[in-house]
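Note sheet for the following structure.
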């Protein structure tokens with residue numbers, strides 16, 4: 001099914017992109033969440049408007065994204081979680097907890113949906129997360145998980 005993305009979707013595309021995805025994925029996930037629109041004659045006319053606004057916003061935000069990335073690299077992010085004897089956590093550290101810890105450390109408010117963990121954080125110690133601030137800027141965040 002051809003759809004027009006209204007928001008960025010990881011590994012699919014950016015706002016204004018016309019992409020072809022599986023029918024079920026579009027009907028059951030993307031369209032109900034407001035992330036995409038069905039590609040019809042009327043909505044295809046809106047694609048240029050969506051793309052123009054995205055390009056203006058991206059150019060303006062590129063410098064800001066680079067500044068935020070530098071700011072995040074300088075922060076010490078600490079997350080406290082309950083852990084067992086071997087350092088294994090009861091559960092895992094979620095992107096929402098990491099976003100909250102960044103705000104507590106004095107960093108900018110970040111969107112948990114843009115935060116990507118290479119592997120689930122299920123143990124004490126140092127871990128890394130990636131935050132996509134802009135299509136051209138990705139910040140790497142150092143996270144230290146401490147026993148609560």
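The values are calculated or read from the model by the stated rules, or taken from the named source; none is laboratory data. Source: prediction; values computed, not measured. Heads up, the Cβs are rebuilt from the backbone with ideal geometry, glycines too, and the neighbour counts pull from every protein chain shown.
Among the residues of region 117-141, how many are closer than 17 Å to residue 69 by Cβ, touching a helix residue (DSSP H, G or I) at 6+ places or on another chain (Cβ under 8 Å) and part of a strand (DSSP E or B)? Show your work before the answer.
Here is the first cut: in region 117-141, the ones closer than 17 Å to residue 69 by Cβ are 128-141.
From the residues that got through so far, the ones that are touching a helix residue (DSSP H, G or I) at 6+ places or on another chain (Cβ under 8 Å) too are 129, 131-141.
Remaining after also requiring part of a strand (DSSP E or B): 129, 131-134, 137-141.
Residues in region 117-141 being closer than 17 Å to residue 69 by Cβ, touching a helix residue (DSSP H, G or I) at 6+ places or on another chain (Cβ under 8 Å) and part of a strand (DSSP E or B): 10 in total.
List, please: which pairs have Cβ atoms under 8 Å, are six or more places apart or on different chains, and start with a residue in region 53-75 that is farther than 16 Å from residue 130 by Cβ and not assigned by TED's automatic domain parsing to the domain that holds residue 105 and end with one that is at pLDDT 75 or above and assigned to a helix (DSSP H, G or I)?
From residues that are farther than 16 Å from residue 130 by Cβ and not assigned by TED's automatic domain parsing to the domain that holds residue 105, there are no pairs.
Only one of 79, 102 is part of a strand (DSSP E or B), in contact with a helix residue (DSSP H, G or I) (Cβ under 8 Å, 6 or more places away or on another chain) and either in contact (Cβ under 8 Å) with a residue 24 or more places away in the chain or in the same structural domain as residue 14 (by TED's automatic domain parsing) (or both); which? If you could, list the steps in order and put the result at the bottom.
Working: 102 fails: part of a strand (DSSP E or B).
After ruling out the rest, the residue left standing is 79.
From the list 85, 111, which residue is modelled with pLDDT under 90, under 30 Å from residue 1 (Cα atoms) and exposed (fewer than 15 other Cβ atoms within 10 Å of the Cβ)?
Of 85, 111, the one residue that is modelled with pLDDT under 90, under 30 Å from residue 1 (Cα atoms) and exposed (fewer than 15 other Cβ atoms within 10 Å of the Cβ) is 111.
Every residue in region 13-26 that is modelled with pLDDT of 85 or more and either surrounded by fewer than 17 Cβ atoms within 10 Å (Cβ to Cβ) or part of a strand (DSSP E or B) (or both), please.
First pass over region 13-26, keeping only residues modelled with pLDDT of 85 or more: 13, 17-26.
Residues satisfying the conditions are 13, 18, 19, 20, 22, 23, 24, 25.
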